[in-house]
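One structure below.
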Amino acid sequence: QETLETDINADGKSDKVWFKDGLIYCELSGINPKTLHSRSIEDFSDSADFITFSEATNGFHLNVNYMRSGFSVQFRYNKKKDVIETIGMSRYEFGPASNDGSGESSLNLLTNDYLGNWNYYDMKTDELKPIPEIKAKMNLKKQTLTEFDTKIIETYISKCVALYYKQKKVFKK
């Protein structure tokens, strides 16, 4: 598995993030170094093609990619609370061969702002058509790394799908 080395807690020293046995681990440097880990995300990791980490300001992204879809979760170090917490998520879908339902979305957990850019396949015209951008409020509780599990991702995806179908129904009228 890949290990990301970056300064997460802004102390000028490298910290480490890696994935092992269904858990995300983070080793923070400092006067009192500590290693934290998430709850199990094995549900997603078993079927994922790639799990990677990438740098973010004062944190990191967890990227989980499947054959035709994937998601990313942004974690950031909160100096006041001395915790690593989720601050954003995004996802993409390519849909089936017709690309019906393809697109991408993002959620800022600090402001609860959701943006979705999705497409649908119009059977009458045999064309892939974009639906208008979805802007909505989506309230999901931020989690610390030690609380993080698949439930927040599952909730985000199901709410995102519901918004897509609602917007698609309105747009196709």
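The values are calculated or read from the model by the stated rules, or taken from the named source; none is laboratory data. On a predicted model such as this, the values are computed, not experimentally measured, just so you know. Glycine gets a Cβ as well: all are built from the backbone with ideal geometry, and neighbour counts include every protein chain shown. Ligands, DNA and RNA are excluded from the accessible area calculation, which covers all protein heavy atoms including side chains. Shrake-Rupley method; radii C 1.70, N 1.55, O 1.52, S 1.80 Å.
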Taking the range 8-22 and keeping residues touching a residue at least 40 places away in the same chain (Cβ under 8 Å) and part of a loop (DSSP other than H, G, I, E, B) leaves I8, N9, A10
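Rundown of residues vs (1) modelled with pLDDT of 90 or more; (2) under 22 Å from N9 (Cα atoms), yes/no style:
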| site | (1), (2) |
| --- | --- |
| M67 | no, no |
| F75 | yes, yes |
| E93 | yes, no |
| E104 | yes, no |
| W118 | yes, no |
| T146 | yes, yes |
| K151 | yes, no |
Of the residues in the range 135-172 that are open to solvent by less than 70 Å² (accessible area, probe 1.4 Å) and among the aromatic types (F, W, Y), the one that is farthest from S40 (Cα to Cα) is Y164
Residues located in the range 115-134, provided they are open to solvent by less than 20 Å² (accessible area, probe 1.4 Å) and of a type outside the set (A, V, I, L, M): G116, W118, Y120
